[in-house]
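J.: Handing you a structure now.
The values are calculated or read from the model by the stated rules, or taken from the named source; none is laboratory data. All figures in this text were calculated on a predicted structure; none of them were measured in a lab. Quick reminder, even Gly has a Cβ in these numbers, built from the backbone with ideal geometry, and neighbours come from all protein chains shown. The protein model used for the area step is the full one, side chains on, heavy atoms only, and it has no ligands, DNA or RNA in it. Shrake-Rupley method; radii C 1.70, N 1.55, O 1.52, S 1.80 Å.
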Amino acid sequence: MQKKNKNYLGKKTILSLGLALSMFSGFSTSAFAAPVATATVNKGVNFRADQSTSAPVWGLIKQGTVLPVEAANDYWVLVDYNGKQGYVSRAYVTVHENKPSPSPAPSKPATGGSLANKIISSASSFKGRVHYVFGSRDQQRLRLDCSSFTQYVFQLNGIQIPWGSKAQVKLGTYIPRNQLQPGDLVFFSVSTPGQINHVGIYIGNGQFINNLPNKGVVVGDFNSSYWTSHYITGRRI
């Protein structure tokens, strides 16, 4: 069992491997996954910017409020509230696992053979052509950010997905890292620790293709120390 520490959530030294995490399918012991639970506030609780009692307080969440949960350990819960992600003390909330009904199998799975190959081929065709612009999805001039790039690639192959990495991570099915297949979306935290803010497309053999600032569309090494430490989750559309 790893050593518990109540000051940080989502970094390599902190998360317990006990019930607090294992009870939720899709939670990772090293990073956050898509919401799979809710938390009910038992007593008015401070909504904080970080997992520490000295962190700034954004507001007070009233008793009875039900919050979407992004991740949790024995001491803190990462929740969505009023359009923000922040932390509440686990001592003041009750966490409930969500059990959604099974979704019907998609008619065109992104990782299904020839379709996955087409997605990867489309993505690769934009090398040297796309100019990264944060917050842009100008398809005509190929001025795209990371998620408008993945959106455009899937659109070209008949699959409509929303713009935004946080919106895309809610799609499809959670896939463990060791089960990723070509065509799966892979998500990372490249700025605010623990929060999804970058997405790419897995192409197999430990590589993925993504759109990066100052580089454009490039292939990344999934096993490099940087991407391994910033990886959050994978989804199959």
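Okay, residues lined up against (1) open to solvent by 50 Å² or more (accessible area, probe 1.4 Å); (2) touching a helix residue (DSSP H, G or I) at 6+ places or on another chain (Cβ under 7 Å); (3) under 13 Å from C146 (Cα atoms); (4) assigned to a loop (DSSP other than H, G, I, E, B):
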{"site": "Y174", "(1), (2), (3), (4)": "yes, no, no, no"}
{"site": "V186", "(1), (2), (3), (4)": "no, no, yes, no"}
{"site": "S191", "(1), (2), (3), (4)": "yes, no, no, yes"}
{"site": "Y202", "(1), (2), (3), (4)": "no, no, no, no"}
{"site": "N211", "(1), (2), (3), (4)": "no, yes, yes, no"}
{"site": "N214", "(1), (2), (3), (4)": "yes, no, yes, yes"}
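J.: Among the listed residues T233, T228, identify the single one that is assigned to a helix (DSSP H, G or I), within 15 Å of the chain's Cα centre (by Cα) and either more than 15 Å from D145 (Cα to Cα) or of a type outside the set (K, R) (or both).
T.: Step by step, each of T233, T228 is checked, and only T228 is assigned to a helix (DSSP H, G or I), within 15 Å of the chain's Cα centre (by Cα) and either more than 15 Å from D145 (Cα to Cα) or of a type outside the set (K, R) (or both).
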